[in-house]
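The values are calculated or read from the model by the stated rules, or taken from the named source; none is laboratory data. From a predicted model like this one, the values you see are computed outputs, not experimental measurements. Reconstructed Cβ throughout: ideal geometry from the backbone, glycine too, with neighbour counts over all protein chains shown.
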Amino acid sequence: MEKFQTLHTTGVPLPLENIDTDQIIPARFLKATTREGFGTNLFCDWRYRADGTPKADFVLNSPRYAGQVLVAGKNFGCGSSREHAAWALYDAGFRAVVSSYFADIFRGNALNTGLLPLQVSDAELARLLAGIEADPQLALVVDLPAQTLQVPAWGAAFGFAIDAYKKECLINGYDDIDFLVNQKPAIEAYEQQRAWAW
Amino acid sequence: MATTLFDKIWDAHVVRSIASGQEVVYIDRHLIHEVTSPQAFDEIAARGLPLFRPGQMLATADHNVPTLHQDQPIREPLSRSQVDKLTENCQKYGVELYGLGHQRQGIVHVIGPELGLTLPGTTIVCGDSHTSTHGAFGAVAFGIGTSQVAQVMASQCLLLNRPQRMRISVEGELQRGVTAKDLILYVIAQLGTGGATGHFVEYAGSAVRALSMEGRMTVCNMSIEMGARGGLIAPDATTLAYVAGRPFAPKGADWEKAVAYWQTLYSDADAAFETEYTFDAQQITPMITYGTNPGMGIPLTGHVPSEVPEGEAESFDKSLKYMGFERGESLLGKQIDYVFIGSCTNSRIEDLRTVAAYVQGKQKAGHVEAIIVPGSKQVEQQAIAEGIDKIFAAAGFELREPGCSACLAMNEDKIPAGAYCVATSNRNFEGRQGPGSRTLLASPLVAAITAVQGRIVDITKYLN
Ligand code: SF4
């Protein structure tokens with residue numbers, strides 16, 4: 001996993017609620033056996049017509065917006081557990097998703113992919129969406145060590161919560177496998193003392 | 001101290017806690033399938049790690065498989081390569097695989113319970129969000145991402161934050177024609193798709209107790225559709241009767257010992273839940289969804305809402321536009337093109353029996369294509385043994401071979417763009433059953449009656 005520290009970028013607004021992982025990456029693209037390349041099919045059915053031509057009204061096709069932060073409506077990433085959704089966002093160049101609520105499995109998958117799920121309040125989300133739509137060049141700074149999303153033009157810094165352990169992992173590019181494999185003696189001891197096993 | 005059912009099981013699986021609050025949780029059973037495992041095997045291989053406890057894993061091929069001619073090689077090259085990769089990985093690492101053609105093959109959440117692998121008091125994970133199904137047995141079962149699949153492969157553990165607890169009680173008796181599927185669609189419509197995020201849900205109350213194991217699995221299956229990490233139901237006599245004698249269930253003295261333990265698995269009388277809801281079973285009627293998330297459900301005889309909370313209008317109208325419905329309208333009389341009976345929510349023998357009992361001696365409407373995809377090879381065999389296959393054939397329903405099929409349309413079983421499908425599956429997301437497909441979620445009974453009538457009707461007027 002790549003290290004995540006500070007991000008100076010702009011945002012891409014997608015103000016829809018309950019965006020499910022079937023929209024982020026439709027099931028028919030899950031046939032690959034590697035992690036790479038899912039970005040081309042990110043939001044495929046919203047982004048392209050059946051004949052493969054881009055839909056001009058979808059934000060990822062708009063020349064107005066670019067950046068490494070996707071700013072999306074409440075309850076982002078609900079539905080299927082497919083980690084491919086996080087891989088697709090990452091592969092398409094996103095490094096953080098801002099929303100006022102994330103589905104649990106997506107949140108975990110994003111953290112394991114090196115994609116920051118950055119939760120703000122409903123009011124902050126509304127302000128950010130409106131701000132980006134008004135000014136697509138609006139600079140955003142994601143400071144993970146300080147746990148803030150800053151909008152320098154507004155002199156504003158929105159704080160966000162992140163699990164202390166997960167924060168360390170992201171900053172250093174560590175993942176849970178290293179940690180868990182090192183727990184082997186404790187795990188084996190646990191297996192020995194289990195009263196029941198069938 | 002008074003403890004919830006969930007915490008009793010979780011506590012029994014904590015290997016250790018770490019300073020930041022997470023716990024290393026031991027996983028008893030790890031189920032895998034072809035779609036979310038290849039990258040995890042690669043991860044393990046890239047780090048030169050062995051599988052820690054391959055004996056606690058079980059693999060099946062379900063998501064991608066065709067439901068016709070399973071005795072022949074898979075034609076679609078990408079699906080075939082994914083299934084081949086699973087076979088290759090299972091051979092290389094010594095994981096038991098019930099692949100295509102195997103007598104025990106089927107949807108991962110159907111075969112676990114059917115084989116007695118799903119047991120009360122266990123922790124079960126799978127790289128699939130509907131792992132919550134197994135909670136019906138009083139197990140802590142939940143879906144995980146592929147990175148976590150690799151973690152369990154490497155250590156048989158996960159590093160987790162303990163979720164919050166929610167209890168949903170449904171009291172009273174369900175009315176005629178109202179099934180477990182209606183119960184859970186009703187609950188999700190009340191709570192919304194994010195209503196249980198961060199929680200593990202225990203289902204309780206007399207209406208839940210009265211459900212068969214199949215019904216309980218349907219309920220727990222859809223926990224994820226309201227955002228819950230999982231759902232579970234305390235084991236009782238119904239559970240024990242279902243588990244006893246299954247291939248992987250404990251036997252003899254082990255069985256006695258297991259039962260003694262399982263009988264301690266319930267929420268203590270004054271155990272605390274962060275959130276509690278109680279619903280009246282009498283209020284629940286046959287349900288259907290009209291929108292593009294499972295929370296958008298209404299009684300069959302109800303109306304699409306005309307008012308929505310401020311700020312949600314854009315998503316709501318986008319959804320209605322996709323479905324071709326209007327605010328405030330009734331769905332009664334709408335013509336349906338497809339009926340899909342299958343998926344890990346409703347593809348067990350009880351579901352097939354319900355459909356057969358209704359359609360016996362009737363005919364599906366001429367314009368409807370009705371397919372039934374059993375959840376497993378064993379369900380299929382049982383249906384044949386009971387003569388249910390003949391009832392389906394006579395009524396014009398096509399009984400296919402087992403797999404996930406049109407639930408997520410990774411194989412050839414797709415609903416065409418713009419067509420309406422009443423489905424017994426669990427997700428009505430845009431394009432879930434194929435690009436442009438329009439899904440209406442309902443119970444097997446509603447699906448059967450819809451297939452016969454060819455349009456949405458008030459099923460209470462058509463019950464046998
Ligand atoms: S039947 Fe559908 S929901 Fe169930 S495991 Fe298969 S794809 Fe997932």
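The residue that is farthest from the ligand (Cβ to nearest atom), among those in the range B:373-393 that are in contact (Cβ under 8 Å) with a residue 24 or more places away in the chain and within 21 Å of B:G454 (Cα to Cα), is B:I391. Filtered by the rule that a residue be closer than 30 Å to B:D42 by Cβ and more than 13 Å from chain A (Cβ to nearest Cβ), the range B:140-187 gives a lone residue, B:V140. For the range A:16-39, the tally of residues that are farther than 22 Å from B:N426 by Cβ and modelled with pLDDT of 95 or more stands at 2. Could you tell me whether the range B:166-189 includes any residue that is in contact (Cβ under 8 Å) with a residue 40 or more places away in the chain, over 20 Å from B:T239 (Cα atoms), part of a loop (DSSP other than H, G, I, E, B) and touching a Lys or Arg at 6+ places or on another chain (Cβ under 8 Å)? No: zero hits. The residues of the range A:164-183 that are facing another protein chain (nearest Cβ under 7 Å) and part of a helix (DSSP H, G or I), listed by number, are A:A164, A:Y165, A:D176, A:I177, A:F179, A:L180, A:V181. With among the small types (G, A, S), part of a helix (DSSP H, G or I) and within 14 Å of chain B (Cβ to nearest Cβ) as the only criterion, which of A:A153, A:A161, A:A130 stands out? Only one candidate qualifies: A:A130. Going through (1) touching a strand residue (DSSP E or B) at 6+ places or on another chain (Cβ under 8 Å); (2) closer than 30 Å to B:A237 by Cα; (3) not β-branched (V, I, T) one by one, B:L86 falls short only on (2). Quick check on the range A:104-123. Is at least one of its residues among the acidic types (D, E), away from every other protein chain (no Cβ under 14 Å) and surrounded by fewer than 19 Cβ atoms within 10 Å (Cβ to Cβ)? Checking the range A:104-123: not a single residue is among the acidic types (D, E), away from every other protein chain (no Cβ under 14 Å) and surrounded by fewer than 19 Cβ atoms within 10 Å (Cβ to Cβ).
The requirement of being within 21 Å of B:D28 (Cα to Cα), over 14 Å from the mean Cα position of the chain (by Cα) and modelled with pLDDT of 95 or more is satisfied by B:T60. Highlighted here are the strands (runs of 3 or more DSSP E) found entirely within the range B:1-59 that include at least 2 residues which are within 9 Å of chain A (Cβ to nearest Cβ) and touching a residue at least 60 places away in the same chain (Cβ under 8 Å): B:23-26.
Here the condition is being among the acidic types (D, E) and farther than 27 Å from B:N428 by Cβ; of B:E214, B:E225, B:E202, B:E173, it holds for B:E173 alone. Among the conditions (1) touching a residue at least 40 places away in the same chain (Cβ under 8 Å); (2) under 23 Å from B:S347 (Cβ atoms); (3) away from the ligand (no atom under 16 Å from the Cβ), the only one that B:T238 does not satisfy is (1). Listed conditions (1) assigned to a loop (DSSP other than H, G, I, E, B); (2) within 16 Å of the ligand (Cβ to nearest atom) are all met by B:G436, apart from (2). Given the criteria within 25 Å of A:D104 (Cβ to Cβ), within 16 Å of the ligand (Cβ to nearest atom) and touching a residue at least 60 places away in the same chain (Cβ under 8 Å), does B:E202 qualify? No. With the structure loaded, tell me whether A:A88 is over 28 Å from A:W154 (Cβ atoms), in contact (Cβ under 8 Å) with a residue 12 or more places away in the chain and more than 8 Å from chain B (Cβ to nearest Cβ) or whether it fails that test. It is true that A:A88 is over 28 Å from A:W154 (Cβ atoms), in contact (Cβ under 8 Å) with a residue 12 or more places away in the chain and more than 8 Å from chain B (Cβ to nearest Cβ).
Tallying residues that are under 15 Å from B:S315 (Cα atoms) and either among the aliphatic types (A, V, I, L, M) or within 14 Å of the ligand (Cβ to nearest atom) (or both) within the range A:72-88 yields 2. A single member of B:A423, B:A406 is farther than 20 Å from B:Q105 by Cβ, crowded, with 16+ Cβ neighbours inside 10 Å and aliphatic (A, V, I, L, M), and it is B:A423.
Looking at B:G454, B:G431, B:G396, just one residue is away from the ligand (no atom under 13 Å from the Cβ), within 14 Å of chain A (Cβ to nearest Cβ) and more than 23 Å from B:V219 (Cα to Cα), and that residue is B:G431. Only residues that are surrounded by fewer than 16 Cβ atoms within 10 Å (Cβ to Cβ), part of a helix (DSSP H, G or I), out of contact with any Asp or Glu (no Cβ under 7 Å at 6 or more places or on another chain) and not basic (K, R) were counted in the range B:205-258, giving 6. Only one entry of A:I19, A:I25 meets the criterion of being within 16 Å of the ligand (Cβ to nearest atom), under 17 Å from the mean Cα position of the chain (by Cα) and not aromatic (F, W, Y), and that entry is A:I25. If the condition is being within 11 Å of chain A (Cβ to nearest Cβ) and farther than 21 Å from B:V15 by Cβ, then the range B:128-139 contributes B:D128, B:S129, B:H130, B:S132. Somewhere in the range B:247-269, is a residue of a type outside the set (D, E, K, R) and under 30 Å from B:T460 (Cβ atoms)? Taking every residue of the range B:247-269 in turn, none turns out to be of a type outside the set (D, E, K, R) and under 30 Å from B:T460 (Cβ atoms).
When residues in the range A:133-149 are screened for being assigned to a helix (DSSP H, G or I) and among the aliphatic types (A, V, I, L, M), 1 of them pass.
Restricting the range B:410-428 to residues that are small (G, A, S) and assigned to a loop (DSSP other than H, G, I, E, B) leaves a set whose member that is farthest from the ligand (Cβ to nearest atom) is B:G418.
Is the range A:67-86 home to any residue that is closer than 15 Å to A:K166 by Cβ and β-branched (V, I, T)? No, the range A:67-86 contains no residue that is closer than 15 Å to A:K166 by Cβ and β-branched (V, I, T).
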